[in-house]
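> The structure follows.
The values are calculated or read from the model by the stated rules, or taken from the named source; none is laboratory data. Computed from a predicted structure; not experimentally measured. Cβ placement follows ideal geometry from the backbone for every residue including glycine, while neighbour counts extend to all protein chains displayed. The accessibility values were calculated without ligands, DNA or RNA, using every heavy atom of the protein model including side chains. Shrake-Rupley method; radii C 1.70, N 1.55, O 1.52, S 1.80 Å.
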Amino acid sequence: DMKGFKKLIGSKAFKNKFGELRGEKMKRIPKEYKAFAEKESLILNKQFYYMGEEKSSLIKSDKLLKTIMEYYKVMKPVNDYLLEAIS
């Protein structure tokens with residue numbers, strides 16, 4: 001369900017918190033994947049990860065727990081999708 005996955009990682013909330021999906025990509029593309037890889041570059045990813053960054057002062061802030069939960073709420077649907085895909 002590439003459409004559903006792209007909707008998750010393309011959402012405004014995901015982009016605001018994490019930017020884009022990251023991960024090492026294949027350097028050599030098997031022949032059978034070349035045509036599809038031209039249409040969908042995510043097929044080249046060996047891994048998928050994302051991360052957010054905040055100022056170091058947040059660690060001592062009263063807003064730490066709230067901020068962590070905001071990140072969690074945005075990343076949970078993506079994690080759930082990926083877990084479902086591998087199970």
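> Just to be sure I understand: if I project the alpha-carbon convex hull of the chain onto a plane and average over all orientations, what area do I get in nm²?
7.1 nm²
> On to the next question. What distance in nm lies between label points placed 7 Å from Cα along the C-beta direction at Asn45 and Tyr33?
Reported label-point gap for Asn45 and Tyr33 is 1.3 nm.
> I need the trypsin sites (Lys or Arg not before Pro) found in the chain, filtered to DSSP loop residues with at most 16 other beta carbons within 10 Å of theirs.
On the way: sites: Lys3, Lys6, Lys7, Lys12, Lys15, Lys17, Arg22, Lys25, Lys27, Arg28, Lys31, Lys34, Lys39, Lys46, Lys55, Lys60, Lys63, Lys66, Lys73; in loops: Lys27, Arg28, Lys46, Lys55, Lys63.
Answer in residue order: Lys27, Arg28, Lys46, Lys55, Lys63.
> With every protein chain present, what is the per residue accessible area of the chain (1.4 Å probe, Å²)?
Here the residues of the chain average 83 Å² of exposed surface.
> Need one number: nm distance between label points at Lys7 and Arg22, each 7 Å from Cα along Cα→Cβ, rounded to one decimal.
2.8 nm
> What does the accessible area of Ile68 come to, in Å² to the nearest 10, when a probe of 1.4 Å is used?
My reading of the accessible area for Ile68 is about 90 Å².
> Which length gain, in nm to one decimal place, applies between Thr67 and Ile86 when the Cα-Cα distance is subtracted from 0.36 nm times their residue separation?
4.0 nm
> What are the lysines whose alpha-carbon lies under 28 Å from the alpha-carbon of Lys66, with same-chain residues fewer than 8 places away excluded?
Candidates past the 8-residue exclusion: Lys6, Lys7, Lys12, Lys15, Lys17, Lys55, Lys76.
> Where the only charges are on Cβ atoms (+1 Lys, Arg; -1 Asp, Glu), what is the dipole of the chain about its Cα centre, to the nearest 20 debye?
Details: 20 positive and 12 negative charges, 47 e Å.
Using only the charged Cβ atoms, the result is roughly 220 debye.
> Given a 1.4 Å probe and every protein chain left where it sits, what share in percent of the accessible area of segment 9-86 is carbon and sulfur?
Carbon plus sulfur share of accessible area: 56 percent.
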